[in-house]
Amino acid sequence: MSNLFTLFRERVVAAVAKAVADGLLPDGLELGAVALEPPRDPAHGDVATNVALVLARPAGRKPQAIAALLAPLLATDPAVSAVEIAGPGFINLRLSDAFWHERLREALLAGTAYGDGDRGAGRPVNVEYVSANPTGPLHVGHCRGAVFGDALAALLEKAGYRVCREYYINDAGAQVDQLARSAYLRYREALGERVDAVPEGLYPGDYLKPVGADLASRIGRAWLGQPESVWLKPCRESAIAAMMALIEADLAALGIRPAVFTSERTLHDEGKVEHAVVTLGARDLLYKGILEPPKGRRPEDWEPREQLLFRATRFGDDTDRPLQKSDGAWTYFAADVAYHLDKIERGFPAMIDVWGADHGGYVKRIQAAVSALSGGQAQVDVKICQLVNLLDGGLPVKMSKRAGSFVTLRDVVDQVGRDVVRFIMLTRKNDAPLDFDFARVTEQSKDNPVFYVQYAHARVRSVLRHANLELGGADVGPAALAGADLARLTHPAELALMKLMANWPRVVETAAEAHEPHRVAFY
């Protein structure tokens, strides 16, 4: 069964239609704002609806009067054991024990498919997450976005969407040239040169040593003493490939395997940046102009210069945005515009981008670009994942020796395990800071949410094992239990648990619609 509140909304709408047919209410009433949800106080019933308050003004009747005429109609439903009118006109429904027994039977028979929904109706949605620069192993900050994006993708699939999990490779620009120079340094080191200190601006850490060794074994001494024009491009390609293999292995350790990898450099090479610019130009959304200096203290290197600008302010941004520098090179933003146009043209009018905490100021311009490129037909929801504070017994964790400047994702997974990492990363909403304490997440106590859930699961399995023994090897599998006399389950605690279980389809649906997978961990 789908969301039970959706089910009862249909029954409330049917009751209104009956009242209209009987002449008790006028025709043509708008029911879009009618909502059904759990009462704030469980003592008030199982389902509450605002239908009488919504219809009061258009029907020209007091809410209590409308509630009084709808209540008898709703009371005829076999699943409803009592109907109560509360406050200014809310209608509270109490559902029969038999109704909850049927929900338990459905859950037993459905297994892990319980809660699968059709809210998405197969509509495509692109979820892009992690998308770290391919300049080294993933760090713990990337870990949060990776888990959030992967969990959100799974949640959307369960709600009936057709999801594409995507990784955008930022493999163009100065940072990958610095990666190539760093790998070249390790190449020289592998051939016997002494490297006492990595020059400022290059990437330290031991993870590039295997890249240098591989280059030395394949190229030999051919690049030694040669200018950058000889080795920069092939060295860059080798280093990026090695870093992406490292990143994919790190993600796999978390159970994450993106289906699509899109390269920023490929967008440039295939002319897709120019295509995006032409698309905006055809809609009269480009002009040559000079931007005002940044607010606050003016940078020393700032000077007024004419640039190609996108009219982002027409679509809610704070200022128009440059697409091309004065030297003719495309800006990073131009590539991002091209990437989102590429997603639109691949058939994704709904996009979700999962970004790190330092990208908050970039949201409006991307949303403006998507609106402009699609004529308002596509939307992008940008989810910002705040920082992770890594602790051990309350004290900050030191940097990773392998990475040289940060704690890697693999460090965390190897120490506490994939399941712990994934669960803890979802115990706070994505836009709230998160403390990850190694000591706390590995202790065996009820204060550790991971242990608490695992312990509950172990107890459930123990009950089933003992039941099998006590009942002489009787079948206690889901199908057998679904065929049992569930009417014997009448204790308030049993009914409370069934009600909580029956709320799972609603949790899936609402969490998917809000793009908030932390609701699953809370549930």
Residue satisfying all of: in region 174-197; without any contact (Cβ under 8 Å) to a residue 24 or more places away in the chain and touching a helix residue (DSSP H, G or I) at 6+ places or on another chain (Cβ under 7 Å); farthest from Ser238 (Cα to Cα) among these: Val195
Please verify whether region 72-83 includes one or more residues that are modelled with pLDDT under 95, out of contact with any strand residue (DSSP E or B) (no Cβ under 6 Å at 6 or more places or on another chain), acidic (Asp, Glu) and open to solvent by 20 Å² or more (accessible area, probe 1.4 Å). no
Residues in region 273-290: is at least one polar (S, T, N, Q) and outside any helix (DSSP H, G or I)? no
Could you tell me which numbered condition Gly45 fails, if it satisfies all but one of (1) at negative phi; (2) crowded, with 21+ Cβ neighbours inside 10 Å; (3) not aromatic (Phe, Trp, Tyr)? (1)
Do we find a residue being open to solvent by 30 Å² or more (accessible area, probe 1.4 Å), farther than 30 Å from Asp150 by Cα, out of contact with any His (no Cβ under 6 Å at 6 or more places or on another chain) and assigned to a loop (DSSP other than H, G, I, E, B) anywhere in region 253-264? no
Would region 183-197 turn up any residue that is farther than 24 Å from Val407 by Cβ, among the hydrophobic types (A, V, I, L, M, F, W, C) and not in a loop (DSSP other than H, G, I, E, B)? yes
Would you check which residues across region 497-523 are within 23 Å of Ser96 (Cβ to Cβ) and surrounded by 12 or more Cβ atoms within 10 Å (Cβ to Cβ) and list them? Leu497, Met498, Lys499, Met501, Ala502, Asn503, Trp504, Pro505, Arg506, Val507
Using the structure shown, decide if Glu166 is within 30 Å of Asp116 (Cα to Cα), open to solvent by less than 10 Å² (accessible area, probe 1.4 Å), of a type in the set (D, E, K, R) and not in a loop (DSSP other than H, G, I, E, B). yes
Within 30 Å of Asp206 (Cβ to Cβ), in a helix (DSSP H, G or I), at pLDDT 95 or above and out of contact with any Cys (no Cβ under 6 Å at 6 or more places or on another chain), is that true of Glu102? no
Can you name the number of the only condition in (1) touching a residue at least 12 places away in the same chain (Cβ under 8 Å); (2) open to solvent by less than 50 Å² (accessible area, probe 1.4 Å) that Pro210 fails? (2)
Looking at region 275-290 only, could you name the residues that are exposed (fewer than 14 other Cβ atoms within 10 Å of the Cβ) and not small (Gly, Ala, Ser)? Val278, Arg283, Asp284, Tyr287, Lys288, Ile290
Hits in region 43-85 (condition: assigned to a helix (DSSP H, G or I), among the β-branched types (Val, Ile, Thr) and free of Cβ contacts under 8 Å to residues at least 12 places away in the same chain): none
Kindly list, by first and then second residue, each pair from a residue in region 327-341 that is at pLDDT 95 or above to a residue that is among the hydroxyl-bearing types (Ser, Thr, Tyr), limited to pairs with Cβ atoms under 7 Å and residues at least 6 apart or on different chains. Tyr339/Tyr168; Tyr339/Thr262; Leu341/Thr279
Among the small types (Gly, Ala, Ser), open to solvent by 40 Å² or more (accessible area, probe 1.4 Å) and either assigned to a helix (DSSP H, G or I) or modelled with pLDDT under 95 (or both) - does that describe any residue in region 449-468? yes
Filter region 349-374 for residues that are touching a residue at least 60 places away in the same chain (Cβ under 8 Å) and open to solvent by 20 Å² or more (accessible area, probe 1.4 Å); which is farthest from Tyr161 (Cα to Cα)? Ala357
Subset of region 483-493 (residues that are open to solvent by less than 70 Å² (accessible area, probe 1.4 Å), in a helix (DSSP H, G or I) and either among the acidic types (Asp, Glu) or farther than 27 Å from Phe522 by Cα (or both)): Leu486, Ala487
Of everything in region 187-207, what is open to solvent by less than 30 Å² (accessible area, probe 1.4 Å) and closer than 17 Å to Pro134 by Cα? Give them in sequence order. Gly205, Tyr207
Residue count, region 298-314, condition modelled with pLDDT of 90 or more and not in a helix (DSSP H, G or I), comes to 5
Could you please find all residues in region 54-70 being in contact with a strand residue (DSSP E or B) (Cβ under 7 Å, 6 or more places away or on another chain) and either open to solvent by 30 Å² or more (accessible area, probe 1.4 Å) or farther than 24 Å from Leu7 by Cβ (or both)? Gln64, Ala68
Looking at Trp223, Trp231 in this structure, which one is over 28 Å from Phe406 (Cα atoms), among the aromatic types (Phe, Trp, Tyr), outside any helix (DSSP H, G or I) and open to solvent by less than 70 Å² (accessible area, probe 1.4 Å)? Trp223
Output the residue which, of all residues in region 124-147 that are of a type in the set (A, V, I, L, M) and in a helix (DSSP H, G or I), is surrounded by the most Cβ atoms within 10 Å (Cβ to Cβ). Ala146
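The values are calculated or read from the model by the stated rules, or taken from the named source; none is laboratory data. Just so it is clear, the structure is predicted and the values come from calculations on it, not from any experiment. Cβ sites come from the backbone with ideal geometry, for glycine too, and all protein chains shown count toward neighbours. All accessible areas refer to the heavy atoms of the entire protein, side chains included, with ligands and DNA or RNA removed. Shrake-Rupley method; radii C 1.70, N 1.55, O 1.52, S 1.80 Å.
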